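Novice: Pasting a structure below so you can have a look.
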Amino acid sequence: MLKATLRSFLAHKGRLALSALAVILSVAFVAGSLIFSDTVARTFDRLFASTAADLSVGPKDDLDESVPTGRTPTVPADLAERVAKVDGVAATHVDATVENITVVDRDNDPVGPTTGAPTIAGNWYETERSPVEITSGRAPRAAGEAMIDADTADKKDVEIGDTLKILAAPGSFETRVVGIVTFTTTNPGAALVFLDTPTAQAKLLGGENRATSISVDAATGVSDSELKRRVAADLGSRYDLETADEQAESAASELGGFLDVIKYVMLGFAGVAVLVGIFLIVNTFSMLIAQRTRELGLLRALGADRRQVRRSVLIEAVLLGVVGSTLGLAAGIGLAAGLIELMGVFGMNLKSTEMVIAWPTPVASYVVGVGVTFLAAYLPARRAAQVSPMAALADAEIAGVGRPLRVRAMVGSVVAAGGAAALVGCATSSDTSTSASLLGLGVVLSLLATVVAGPLLVRPVIRVLGGAFPAVYGSVGRMSQRNALRNPRRTGATAAALMVGLALVGGLSVASASMTKSFDDQIDKTLGADFVVQNSSFMPFPTEVTEKVEATDGTGLVVRSRFTPLKLRMPDGKTVETTAAGFGDQLDEVVKTTYAQGSSARALAPDRLAMDRGYANDHDVRVGSVLPVEFPGERKVELTVAALTDNEGPEGPGMQGGLFMGLGTLEKYVPDGQDSAVYVNTAPGTDSEALRDRLDTALDPYPQVQVRDQADYKKLIREQIAVMLYLVYALLGLAIVIAVLGVVNTLALSVVERTREIGLLRAIGLARRQLRRMIRLESVVIAVFGAVLGLALGLVWGVSMHQVLELQGLKAFAVPWSTLVAVVIGSVVVGIVAALLPALRASRMNVLEAIAHE
Amino acid sequence: MSTPASTPHTERAEPSGSAARARGLTKAYGSGETAVLALDAVDVDIARQRFTAVMGPSGSGKSTLMHTLAGLDSVSAGQVWLGDTEITGLKERELTRLRRDRIGFMFQSFNLIPTLNARENITLPMDIAGQRPDAEWLEHVIDTLGLRDRLRHRPAQLSGGQQQRVACARALASRPELIFADEPTGNLDSRAGLEVLGFLREAVDSLGQTVVMVTHDPGAAAHSDLVLFLADGRIVDEMARPTAEGVLERMKRFDVLHGAAADPAGGATDTTGPPGPAAAPADPAGDPPADPPAKPTRDDPSPQD
């Protein structure tokens, strides 16, 4: 029996190769993402472990900066001398390192990564823990001198003697490059600029006695935790103390966010590949078994029992899984290597030679690969076991086609009802988290229902879709339409592979179109200013920029805004941590806000606060409530709620909860922040185009900010949303590749099954071209069926997702019809491409042999 | 060997020329030492409006003769004409068109496209060509074959005999110059077989068609106007106005002369393709094969054939 299994496996290797490809793709994404994140994690663990000081003394900061405020918390620099006296401390260093700077060259072009990685400026001192060493020139010794890292220097053609301008929070200043440093470890992608310590303190931190942290080296024999205990005993709890291990951990967790995104994206791809692959594998095995019904019947007639038949099919599946996983693991290593190279483009110089393949990687690969194949083959295997010995005598085409779809109809309707209930629940729920989890449940159930009931939909939908075929293509069209209807189960399963991917695309494109439209509507409704000056990634910028704007000829009203994290104790007893905005006076002139109670004038008055009405209701806040508020640096004050807004979307003032206050109030309690946006109106009598030109010129030295009008602002938001769409399109691409394999698979088998029919058609005069067209049309109708089903499901998901978004204030609903039409047209192309090989094969058949074929 | 294969034997006015003819028609499989001759310089003329049967033992080349005359198979040497058109040397595309427009086919089994109903199957060659069938003629053919109440049925809903009648109607529908029937009764019981033969006879006598039938059944051959006997790739004899007994007697002589000895061309037809229903059974005088089980359907629980 085992020999028969192996023979059969090898005999069908062509067909199995397509399934193997699906396994390979899934496993490759799983393995690739694991290898990549392990490699990056180890590289950075090493970097942090080798560069972290034994103990770091930093400012205490309890508040999480979810929105960057441009604030740089500091500690007094003379703390270094005090700590140095603690028993067990070998040495202390003052660190003055900031990331909120921009470095430009003489032409005002930014010198530094354009990929979102930070530009870090700090003070230079000799330590064996530095990640860099001086490779040419010398260290900065006085004001106006700087060193830059070699990678950045190479990329931007900076040489010793060049002048660089550093745009820091306290003000801009020029420096001359006197040295170049080179990374001795992995370059994480950042640009580094080193200054001498007094300059760094004065120009970066805005005060001589300031430091961002104190690095402490332990004396021999003193452990890091012992050192921490002793320093803490001396300093009390006013500062944040972290040992080397703790620093590495927090650095890793900061970096982790970015790496997690890559990891989740990759795992998302793996998930789609697995999901679509399952259909392909189920279909392949179902078809192989249908094709071998007679052979299996013969085996049964010769005395093989059901268990043996089932086992034989499952062994075949496991073989496929093992082969696929092995190749997939290899492909995953390649994929990881590719990603590591790609990181180089972003400035992160990882080394492929240091690739980490930890034991969970191959384990996960084989579990996914073999597990998926085994599961997918289980149903077909059971069906194979049910083949009766009589099948050896029966007509192969009849077997397995006519079985009623009643069970599917029942299961499908029950699951569909569950899915519909969940989606309706999601749509009517008013709580975001309930709504989101109902959405997830609804998506899974409705997908399942569509997959189960798919074959039932084949007849009605394809009758309609292919309805025009007979009229347009005559008999050829009629035969393709009916061929697609011939085995609804097979057509349904083939189309399901395409459906899954397109449903995802449909849903997400509806969601993103709705988001775009909501933001557009919001911007139209609320943005009253002629121009907004801000950073494209919403990073704060130095005050100098605001001053330049104010000084520009033709500028009328200028309203500044900045953000701060804060912690509030609400009347309902809950303590919330959120972000509040601060706005300058005359807010009404630049941002139109609807108030449920109160007005801008009241909201912006000293020690007053405004928030969204809904948020206020949730926390029992009313106008007049006095809320205990904690600002960064443990500044605790009380603010009075003076206004409640009634804004429909997130583009109203403030962030979550819509909290905002007067800029005066914010600056009083958080004096060291930076502006995040400046709203500008044109002065009366000035042409706004002319003002814009002047603003652009004035801000030329500050490449980190841009001037935007309403249209530009919309474009910016769209670009942010587009990033999500690119991901959707990439998923679409992957889903399509696998779905094409599925269609090819089905068509190839159909061609083999219909050999005699094709021979007959050719004998009575069907031209090769017509034969190819017949197969192509069948392929197209299957693909379009999958696309229509997928998009319909996607639309339902999109509507439900919109309900969730609506709770977040994104009220508008939009269906991206052009995208949907493009997807349908794309599915036609998919059908044509998938039919290429099977059609060629069919048209090359020898007529006489085909007629004689059994 | 050259045999005048067509001899007028009825009083009806003879149309000029032949429907098809071949000169020096040779078909070899393989090459060099191992070459096997399936047809050895055959000269043949198929008379118009006649029912010609081709008989011969298995491997005599009778199927190959039909395939080459119909443009389904290429020739190694010689020439073949369909009417005035020389088909040897035609390109694949021209041959396809020729088969579609000028030739009708009936095979032993699997004659119909399972996804199309009877009417669609009948008009298929014309649909493929994008031509409108001659409605009057079509109705006439349908009535002649008694298919009026079966037109909307799919092949799976028809009995074996009904299926062959639909195939016959398809072959007739475009009024081709020549109809080739390859063992058309091979898969039918004797009653259904007789019926199909009756229709072929009818096609010649009342519809004025030309039919060439390959068969191994002397009873079937007896329905023809002329029987050509093939052996070892050559036409060795012919018999006008055949009777079943006469054909059987003639075939028996073959067995005495050739059958027992190892036939050098014996495997020729069998090597052309995998063995299948289209290949004739080895015993020429054997029992007629059983009708395949008619597929029961909702519409047609008991085949009426």
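Novice: Specify the residue that is nearest to the other protein chains (Cβ to nearest Cβ); the eligible residues are those in the range A:472-506 that are of a type in the set (Ser, Thr, Tyr) and over 18 Å from B:ASN117 (Cβ atoms). Explain how you work it out, then say what you get.
Specialist: So in the range A:472-506, the residues of a type in the set (Ser, Thr, Tyr) come out as A:473, A:475, A:480, A:491, A:494.
Going one step further and asking which of them are over 18 Å from B:ASN117 (Cβ atoms), we end up with A:491, A:494.
Working: A:THR491: 13, A:THR494: 17 Å.
Taking the candidates together, the pick is A:THR491.
Novice: Moving on to the next point. Please determine whether any residue of the range A:479-502 is outside any helix (DSSP H, G or I) and of a type outside the set (D, E, K, R). Quick ask: steps written out before the conclusion?
Specialist: Taking the range A:479-502 and keeping what is outside any helix (DSSP H, G or I), we get A:487.
Then keep just the ones that are of a type outside the set (D, E, K, R); that gives A:487.
Yes, there is a match, as at least one residue in the range A:479-502 is outside any helix (DSSP H, G or I) and of a type outside the set (D, E, K, R).
Novice: Among B:SER206, B:SER224, B:SER190, which is the only one that is touching a residue at least 60 places away in the same chain (Cβ under 8 Å) and farther than 28 Å from B:SER18 by Cα? Give the derivation first.
Specialist: On the way: B:SER206 fails: farther than 28 Å from B:SER18 by Cα; B:SER224 fails: farther than 28 Å from B:SER18 by Cα.
Going through B:SER206, B:SER224, B:SER190 in turn, just one is touching a residue at least 60 places away in the same chain (Cβ under 8 Å) and farther than 28 Å from B:SER18 by Cα: B:SER190.
Novice: Residues to consider are A:LEU314, A:LEU319, A:LEU296; find the one that is closer than 19 Å to A:TYR378 by Cβ, at pLDDT below 80 and assigned to a helix (DSSP H, G or I). Can you show your working first?
Specialist: On the way: A:LEU314 fails: at pLDDT below 80; A:LEU319 fails: at pLDDT below 80.
When all the criteria are applied, what remains is A:LEU296.
Novice: I'd like to know if the range A:28-47 contains one or more residues that are among the basic types (Lys, Arg), assigned to a helix (DSSP H, G or I) and in the same structural domain as A:SER215 (by TED's automatic domain parsing). Give the steps one after another, and end with the answer.
Specialist: First pass over the range A:28-47, keeping only residues among the basic types (Lys, Arg): A:42, A:46.
Now restrict to residues that are assigned to a helix (DSSP H, G or I): A:42, A:46.
Checking the rest, the ones that are also in the same structural domain as A:SER215 (by TED's automatic domain parsing) come to none.
There is no residue in the range A:28-47 that is among the basic types (Lys, Arg), assigned to a helix (DSSP H, G or I) and in the same structural domain as A:SER215 (by TED's automatic domain parsing).
Novice: Scan the range A:752-766 residue by residue and report those that are in contact with a Lys or Arg (Cβ under 6 Å, 6 or more places away or on another chain) and either of a type in the set (S, T, N, Q) or more than 7 Å from chain B (Cβ to nearest Cβ) (or both). Show your work before the answer.
Specialist: So in the range A:752-766, the residues in contact with a Lys or Arg (Cβ under 6 Å, 6 or more places away or on another chain) come out as A:765.
None; the set is empty.
Novice: Right, here's the next one. Could you pull out the residue among A:LYS714, A:LYS811 that is over 30 Å from A:ASP431 (Cβ atoms), more than 14 Å from every other protein chain (Cβ to nearest Cβ) and touching an Asp or Glu at 6+ places or on another chain (Cβ under 6 Å)?
Specialist: Values: A:LYS811 fails: over 30 Å from A:ASP431 (Cβ atoms).
Unique residue meeting the criteria: A:LYS714.
Novice: To continue, here is another question. Please find, within the range B:90-118, the residue that is surrounded by the fewest Cβ atoms within 10 Å (Cβ to Cβ) out of those that are of a type in the set (A, V, I, L, M, F, W, C) and more than 9 Å from chain A (Cβ to nearest Cβ).
Specialist: Step one: of the range B:90-118, the residues of a type in the set (A, V, I, L, M, F, W, C) are B:90, B:95, B:98, B:103, B:105-107, B:110, B:112-113, B:116, B:118.
Subsequent filtering for residues that are more than 9 Å from chain A (Cβ to nearest Cβ) retains B:90, B:95, B:106, B:118.
Values: B:LEU90: 16, B:LEU95: 19, B:MET106: 24, B:ALA118: 25.
If we take residues in the range B:90-118 being of a type in the set (A, V, I, L, M, F, W, C) and more than 9 Å from chain A (Cβ to nearest Cβ), then B:LEU90 is surrounded by the fewest Cβ atoms within 10 Å (Cβ to Cβ).
Novice: Follow-up. Provide a single number: the residues in the range A:7-20 that are under 16 Å from A:VAL370 (Cβ atoms) and not hydroxyl-bearing (Ser, Thr, Tyr). Before you say what the answer is, go through the steps one by one.
Specialist: So in the range A:7-20, the residues under 16 Å from A:VAL370 (Cβ atoms) come out as A:9, A:16, A:19-20.
Adding the requirement that they be not hydroxyl-bearing (Ser, Thr, Tyr) leaves A:9, A:16, A:20.
Here the count works out to 3.
Novice: With respect to A:ALA610, determine if the residue is closer than 15 Å to A:ALA642 by Cα, in the same structural domain as A:PRO684 (by TED's automatic domain parsing) and assigned to a strand (DSSP E or B).
Specialist: Considered against the rule, which asks whether it is closer than 15 Å to A:ALA642 by Cα, in the same structural domain as A:PRO684 (by TED's automatic domain parsing) and assigned to a strand (DSSP E or B), A:ALA610 comes out as yes.
Novice: Residue check, B:ARG154 against (1) out of contact with any Leu (no Cβ under 9 Å at 6 or more places or on another chain); (2) charged (D, E, K, R); (3) within 14 Å of chain A (Cβ to nearest Cβ), all met but one. Which one?
Specialist: (1)
Novice: Does A:ARG106 satisfy the condition of being in a loop (DSSP other than H, G, I, E, B), loosely packed, with under 13 Cβ neighbours inside 10 Å, of a type in the set (D, E, K, R) and in contact (Cβ under 8 Å) with a residue 24 or more places away in the chain? Before the answer, list the steps.
Specialist: Details: in a loop (DSSP other than H, G, I, E, B): yes; loosely packed, with under 13 Cβ neighbours inside 10 Å: yes; of a type in the set (D, E, K, R): yes; in contact (Cβ under 8 Å) with a residue 24 or more places away in the chain: yes.
For A:ARG106, the condition - in a loop (DSSP other than H, G, I, E, B), loosely packed, with under 13 Cβ neighbours inside 10 Å, of a type in the set (D, E, K, R) and in contact (Cβ under 8 Å) with a residue 24 or more places away in the chain - is met.
Novice: Consider the range A:196-241. How many of its residues are farther than 30 Å from A:ALA168 by Cβ and among the acidic types (Asp, Glu)?
Specialist: We begin by selecting, within the range A:196-241, every residue farther than 30 Å from A:ALA168 by Cβ; these are A:218-230, A:232-234, A:236-237.
From what's left, among the acidic types (Asp, Glu): A:224, A:226, A:234.
Of the residues in that region, 3 qualify.
Novice: If I ask for residues that are facing chain B (nearest Cβ under 7 Å) and in contact (Cβ under 8 Å) with a residue 40 or more places away in the chain, which ones from the range A:767-786 would you list?
Specialist: Filtering the range A:767-786 for residues facing chain B (nearest Cβ under 7 Å) gives A:767, A:770.
A:GLN770 - this is the single residue of the range A:767-786 that is facing chain B (nearest Cβ under 7 Å) and in contact (Cβ under 8 Å) with a residue 40 or more places away in the chain.
Novice: State which residue is farthest from the other protein chains (Cβ to nearest Cβ) when the search covers only the range B:157-196 and only residues that are under 22 Å from B:ASP45 (Cα atoms) and in a helix (DSSP H, G or I).
Specialist: Of the range B:157-196, the ones under 22 Å from B:ASP45 (Cα atoms) are B:171-172, B:175-184.
Imposing the further condition that a residue be in a helix (DSSP H, G or I) reduces the set to B:171-172.
Numbers: B:ALA171: 9, B:LEU172: 13 Å.
Filtering the range B:157-196 for residues that are under 22 Å from B:ASP45 (Cα atoms) and in a helix (DSSP H, G or I), the one farthest from the other protein chains (Cβ to nearest Cβ) comes out as B:LEU172.
Novice: A further question on this structure: Looking only at the range B:38-92, count every residue that is touching a Pro at 6+ places or on another chain (Cβ under 8 Å) and not small (Gly, Ala, Ser) and tell me the total.
Specialist: Qualifying residue count for the region: 5.
Novice: Are any residues in the range B:32-87 in a loop (DSSP other than H, G, I, E, B), away from every other protein chain (no Cβ under 14 Å) and aliphatic (A, V, I, L, M), and if so, which ones?
Specialist: Scanning the range B:32-87 gives a single hit, B:ALA35.
Novice: Would the range A:427-440 turn up any residue that is closer than 23 Å to A:VAL737 by Cα, of a type outside the set (A, V, I, L, M, F, W, C) and assigned to a helix (DSSP H, G or I)?
Specialist: Within the range A:427-440 (the criterion being closer than 23 Å to A:VAL737 by Cα, of a type outside the set (A, V, I, L, M, F, W, C) and assigned to a helix (DSSP H, G or I)), the answer is no, since none of the residues qualifies.
Novice: B:GLY146: under 17 Å from the mean Cα position of the chain (by Cα), more than 13 Å from chain A (Cβ to nearest Cβ) and either among the basic types (Lys, Arg) or farther than 30 Å from B:ALA22 by Cα (or both), yes or no? Let's see the steps before the verdict.
Specialist: Working: under 17 Å from the mean Cα position of the chain (by Cα): no; more than 13 Å from chain A (Cβ to nearest Cβ): yes; either among the basic types (Lys, Arg) or farther than 30 Å from B:ALA22 by Cα (or both): yes.
Answer is no for this residue.
Novice: If you take the residues in the range A:766-816 that are part of a helix (DSSP H, G or I) and basic (Lys, Arg), which one is nearest to A:ILE523 (Cα to Cα)? Before the answer, list the steps.
Specialist: The initial filter retains those residues of the range A:766-816 that are part of a helix (DSSP H, G or I), namely A:768-807.
Filter once more, so that each one left must be basic (Lys, Arg): A:768-769, A:772-773, A:776.
Values: A:ARG768: 59, A:ARG769: 56, A:ARG772: 53, A:ARG773: 51, A:ARG776: 48 Å.
This residue is A:ARG776.
Novice: If you don't mind, another one. Can you tell me how many residues within the range B:26-54 are farther than 18 Å from B:THR210 by Cβ and either of a type in the set (Ser, Thr, Tyr) or surrounded by 24 or more Cβ atoms within 10 Å (Cβ to Cβ) (or both)?
Specialist: Our first condition is that a residue be farther than 18 Å from B:THR210 by Cβ; within the range B:26-54, this holds for B:26-43.
Okay, now just the ones that are also either of a type in the set (Ser, Thr, Tyr) or surrounded by 24 or more Cβ atoms within 10 Å (Cβ to Cβ) (or both), so B:26-27, B:29, B:31, B:34, B:38-39, B:42.
Matching residues across the range B:26-54 total 8.
Novice: Determine the pairs where a residue that is more than 20 Å from A:LEU691 (Cβ to Cβ), located within the range A:523-547, has a partner that is small (Gly, Ala, Ser) with Cβ atoms under 6 Å apart, the partner being 6 or more residues away or on another chain.
Specialist: Final answer for the pair search is A:PRO540/A:GLY70; A:PRO540/A:SER676; A:PRO542/A:ALA169.
Novice: In the range B:119-137, which residues are more than 10 Å from every other protein chain (Cβ to nearest Cβ) and within 16 Å of B:GLU177 (Cα to Cα)?
Specialist: The answer is B:PRO133, B:ASP134, B:TRP137.
Novice: Also: Which of the residues belonging to the range A:586-607 are in a loop (DSSP other than H, G, I, E, B) and under 38 Å from the mean Cα position of the chain (by Cα)? Reasoning before the result, please.
Specialist: Taking the range A:586-607 first, the residues in a loop (DSSP other than H, G, I, E, B) are A:586, A:590, A:592-594, A:598-599, A:604-607.
Within the range A:586-607, A:VAL590, A:LYS592, A:THR593, A:THR594, A:LEU604 qualify.
Novice: Report, by residue number, each residue of the range B:55-78 that is surrounded by fewer than 24 Cβ atoms within 10 Å (Cβ to Cβ) and of a type in the set (Val, Ile, Thr).
Specialist: Within the range B:55-78, just B:VAL75 meets the criteria.
Novice: Every residue in the range A:678-731 that is of a type in the set (S, T, N, Q) and within 25 Å of A:LYS165 (Cα to Cα), please.
Specialist: So in the range A:678-731, the residues of a type in the set (S, T, N, Q) come out as A:681-682, A:686, A:688, A:697, A:704, A:706, A:710, A:720.
Correct list: A:THR697, A:GLN704, A:GLN706.
Novice: Within the range A:134-164, which residues are basic (Lys, Arg) and either surrounded by fewer than 17 Cβ atoms within 10 Å (Cβ to Cβ) or on the phi > 0 side of the Ramachandran plot (or both)?
Specialist: Narrowing the range A:134-164 to residues basic (Lys, Arg): A:138, A:141, A:155-156.
Across the range A:134-164, the qualifying residues are A:ARG138, A:ARG141, A:LYS155.
Novice: Return the only residue of A:THR353, A:THR361 being among the β-branched types (Val, Ile, Thr) and either at pLDDT below 70 or not assigned by TED's automatic domain parsing to the domain that holds A:LEU25 (or both).
Specialist: Details: A:THR361 fails: either at pLDDT below 70 or not assigned by TED's automatic domain parsing to the domain that holds A:LEU25 (or both).
Sole residue among the options that is among the β-branched types (Val, Ile, Thr) and either at pLDDT below 70 or not assigned by TED's automatic domain parsing to the domain that holds A:LEU25 (or both): A:THR353.
The values are calculated or read from the model by the stated rules, or taken from the named source; none is laboratory data. No experiment lies behind these values; they were computed from the predicted model shown. Cβ sites come from the backbone with ideal geometry, for glycine too, and all protein chains shown count toward neighbours.
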